[in-house]
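Below you will find the structure I want to go over with you.
The values are calculated or read from the model by the stated rules, or taken from the named source; none is laboratory data. Keep in mind that what you see is a predicted model, and the values were worked out from it rather than measured. Every residue, glycine among them, receives a Cβ derived from its backbone with ideal geometry; neighbour counts consider all protein chains shown. Heavy atoms of the whole protein, side chains included, go into the accessibility calculation; ligands, DNA and RNA do not. Shrake-Rupley method; radii C 1.70, N 1.55, O 1.52, S 1.80 Å.
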Amino acid sequence: MADTQQYNAPLFGLNIDPSAKNLELAYSLAQLADSTKLDFISIQDHPYNANFFDTWTLLAFLGARTQHVRLLTNVANLPLRSPAMLAKAAATLDILTNGRVELGLGAGGFWEGIVSYGGTQRAPGEAVRALEEAITIMRILWQPVSPGQTVNFSGQFNQLVNAHPGPAPAHPIGIWLGALKPRMLRLTGQRADGLLISANYIPPEEVPAVQQTIDDAAREVGRNPLAIRRGYNLMGAILQPGSHAIRARRKGVIVGTAKQWVDEILRYYSELKMDSFFFWPVMGDEEVQAKIFVEEIVPGVRGGPGGSLLLTAK
C-alpha cells in the first residue's frame, strides 16, 4: 500500500433518498449514522421529482433529530435555489446543528426538470460561471461583518445590492462540487473544499484523470491539493452468506462481500486518492445494507492494511 501520510484521513457517509414513501427509512438511517458516529448523511436534490421530498427541508428535519453526524447536500440543485437564500439557509441550519452543515453544489443537469420548476436553462459554460458566482456570494455572506455593514456583488447571473450578511455560520461551511467535466473539475481545484463524483458515472479507471485535473488547477492558484476532499458515491450491494449471486450491470457498481467492499475502498483510497466514501445501497434491504456498511466495512477500511496510518493521516 502507498504511503498514506500524503492523504487525508478517510471519511464515510450514508446516502438517504428523499423519497416521500420512505420517511421512516430516512429517519432510521440518520439515527444509525448518528449513533455510530459516522461522518455524514447525504441527500440528493431533484425537486422536480414528484416522489421526492424537498431535500433542504428533509435535511433540516434529520438535523434536528441527530447530534453528531454532518449534513451534506449531494448535491444542491443551484439553478432552482437562489445563492443568497441558500447561503442564509445553510448558515441557519449550521447554527441550529452546532456546526454540522456541509454544502454540496451542482451546476445543473436535468434541464427539462429544472425548467419545469421555473428555472432557466443555461449552456454548460453559463452554468459553470453561475456556480462560480454563487460560491463567491455564499462566502461573502458567511463572513462576520460589523453591525449595519452591507456588501455588494455584480455578476452575470447573480447580484447582491447593499445586502446585510448574517448571521455567520457556526463553522466554516465546506463547499463540495458535483463535477464531471474539465471546467467543473478545474473550478473544484481552484475554489472548492471538496469534490463529489459517483462511481457509476466516473468508474475507478477514469478517476486518475479527474484527480490530475483538480490537482493541476489547485496548484496553478497556489492551493495545496490536499485542501480539497475527494468524495466518491459508491452504489451497489453487500452480499451476505447465503445471498443469491448478483452481478453488477454497470461499471463502477460494487456487488460483493463485505471483505470485497473493504478491499475496493482501500484501493480507491490508496491508489486513486479518493478520501470520502458515501454508500448508496441500490438493490433493496437498505437498512440492513447500511448497518453492514457501518459495522463491518467502515471499521474494516479504518483498520485494514496500514490501518494505523488511515487513522492518523492528516
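Please specify each residue of segment 98-144 satisfying the condition of being over 17 Å from D45 (Cβ atoms), without any contact (Cβ under 8 Å) to a residue 40 or more places away in the chain and either surrounded by 15 or more Cβ atoms within 10 Å (Cβ to Cβ) or under 20 Å from the mean Cα position of the chain (by Cα) (or both).
R100, E126, R129, T136, R139, I140
Name the strands (runs of 3 or more DSSP E) wholly inside segment 1-97 in which the number of residues that are at pLDDT 95 or above and of a type in the set (G, A, S) is 1 or more.
Details: elements: 11-15, 40-43, 70-73.
Result: 11-15, 40-43.
For residues that are open to solvent by less than 20 Å² (accessible area, probe 1.4 Å), β-branched (V, I, T) and touching an Asp or Glu at 6+ places or on another chain (Cβ under 9 Å), tally how many sit in segment 67-97.
The total comes to 2.
Oh, and also: Regarding segment 252-272, can at least one residue be identified that is under 25 Å from S19 (Cα atoms), modelled with pLDDT of 95 or more and polar (S, T, N, Q)?
no
Do we have any residue at all in segment 32-41 that's of a type in the set (D, E) and within 22 Å of G106 (Cβ to Cβ)?
Looking through segment 32-41, at least one residue is of a type in the set (D, E) and within 22 Å of G106 (Cβ to Cβ).
Can you find even one residue in segment 195-207 that is of a type in the set (F, W, Y) and either open to solvent by 70 Å² or more (accessible area, probe 1.4 Å) or out of contact with any strand residue (DSSP E or B) (no Cβ under 7 Å at 6 or more places or on another chain) (or both)?
Yes; the residues of segment 195-207 include at least one that is of a type in the set (F, W, Y) and either open to solvent by 70 Å² or more (accessible area, probe 1.4 Å) or out of contact with any strand residue (DSSP E or B) (no Cβ under 7 Å at 6 or more places or on another chain) (or both).
Within segment 245-295, track down each residue that is buried (at least 16 other Cβ atoms within 10 Å of the Cβ), more than 19 Å from Y201 (Cα to Cα) and among the aliphatic types (A, V, I, L, M).
A258, V262, L266, A290, I292, V294, listed by residue number.
Continuing with the same structure: Would you confirm whether any residue within segment 221-244 is open to solvent by 70 Å² or more (accessible area, probe 1.4 Å) and either outside any loop (DSSP other than H, G, I, E, B) or of a type in the set (F, W, Y) (or both)?
Looking through segment 221-244, at least one residue is open to solvent by 70 Å² or more (accessible area, probe 1.4 Å) and either outside any loop (DSSP other than H, G, I, E, B) or of a type in the set (F, W, Y) (or both).
So is M274 in contact with a helix residue (DSSP H, G or I) (Cβ under 6 Å, 6 or more places away or on another chain) and not in a strand (DSSP E or B) or not?
Spelling it out, M274 is indeed in contact with a helix residue (DSSP H, G or I) (Cβ under 6 Å, 6 or more places away or on another chain) and not in a strand (DSSP E or B).
In the set L131, L160, L105, which member is in contact with a Phe, Trp or Tyr (Cβ under 6 Å, 6 or more places away or on another chain), modelled with pLDDT of 95 or more and not in a loop (DSSP other than H, G, I, E, B)?
Exactly one of L131, L160, L105 is in contact with a Phe, Trp or Tyr (Cβ under 6 Å, 6 or more places away or on another chain), modelled with pLDDT of 95 or more and not in a loop (DSSP other than H, G, I, E, B), namely L160.
Being without any contact (Cβ under 8 Å) to a residue 40 or more places away in the chain, of a type in the set (A, V, I, L, M, F, W, C) and under 17 Å from V69 (Cα atoms) is the filter here, so list the residues in segment 8-29 that pass it.
Residue satisfying the conditions is A26 alone.
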